[in-house]
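J.: Supplied in structure tokens, the structure appears directly below.
The values are calculated or read from the model by the stated rules, or taken from the named source; none is laboratory data. Only a predicted model underlies this, so the values are computations on that prediction, with no experimental measurement involved. No Cβ is skipped: glycine too gets one built from the backbone with ideal geometry, and neighbour counts run over all protein chains shown.
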Amino acid sequence: MNTKPNSIKIDDVEYVRADSISKATDSDGLPYVIVRSRDSGCHAGYLKTRNSETSVTLVNSRRIWRWAGAAELTDLATKGTSNPKECKFPGEVAEIEVIGICEIIPVTEKAKKSIAEVVEWTE
């Protein structure tokens, strides 16, 4: 028997419809995303503007310098990290323009909470 609405269980694996997963947004409706760029790495923040095909502006953004507890970025964006102590995410910046975008991944509420709970990394 299914335990969640909009899901199906096949061979003891529960699959959930993508459109039933809660995406993280701020009070203005800006989506929380992970952005991968060619030159400046990965960033997690609210997508303020998409300036062109290869440039975005993020607000309240953290660089995802090193992550653990997620297989890759889409896993981090949907499930979050299961190993926050091994992650290295510097502090949040108010606004950043990221150039050379290769990927923009919507982040779930669960994953956003997980990213926010990673202690600020400094050296």
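J.: Looking at segment 109-123 only, could you name the residues that are touching a Gly at 6+ places or on another chain (Cβ under 6 Å) and either in contact (Cβ under 8 Å) with a residue 40 or more places away in the chain or not small (Gly, Ala, Ser) (or both)?
T.: Lys110, Ala111, Glu120
J.: Hey, another quick one. Working only within segment 80-90, note down all residues that are surrounded by 11 or more Cβ atoms within 10 Å (Cβ to Cβ) and of a type outside the set (Ser, Thr, Tyr).
T.: Residues satisfying the conditions are Gly80, Asn83, Pro84, Glu86, Cys87, Lys88, Phe89, Pro90.
J.: To continue, here is another question. Scan segment 91-108 residue by residue and report those that are surrounded by 14 or more Cβ atoms within 10 Å (Cβ to Cβ) and either free of Cβ contacts under 8 Å to residues at least 60 places away in the same chain or out of contact with any strand residue (DSSP E or B) (no Cβ under 7 Å at 6 or more places or on another chain) (or both).
T.: Glu92, Val93, Ile96
J.: Taking only segment 39-71 into account, find how many residues are loosely packed, with under 15 Cβ neighbours inside 10 Å and within 23 Å of Thr122 (Cα to Cα).
T.: 5
Results for (1) hydrophobic (A, V, I, L, M, F, W, C); (2) within 20 Å of Lys23 (Cβ to Cβ), shown as yes or no for each residue.
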residue	(1), (2)
Asp39	no, no
Lys48	no, yes
Asn51	no, no
Val59	yes, yes
Arg62	no, yes
Asp75	no, yes
Thr81	no, yes
Lys85	no, no
Val93	yes, no
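J.: Further, regarding this structure: Return the residue satisfying two criteria in turn: it lies in segment 1-21 and is modelled with pLDDT of 65 or more and in a loop (DSSP other than H, G, I, E, B), and of such residues it is nearest to Ala77 (Cα to Cα).
T.: Filtering segment 1-21 for residues that are modelled with pLDDT of 65 or more and in a loop (DSSP other than H, G, I, E, B), the one nearest to Ala77 (Cα to Cα) comes out as Asp12.
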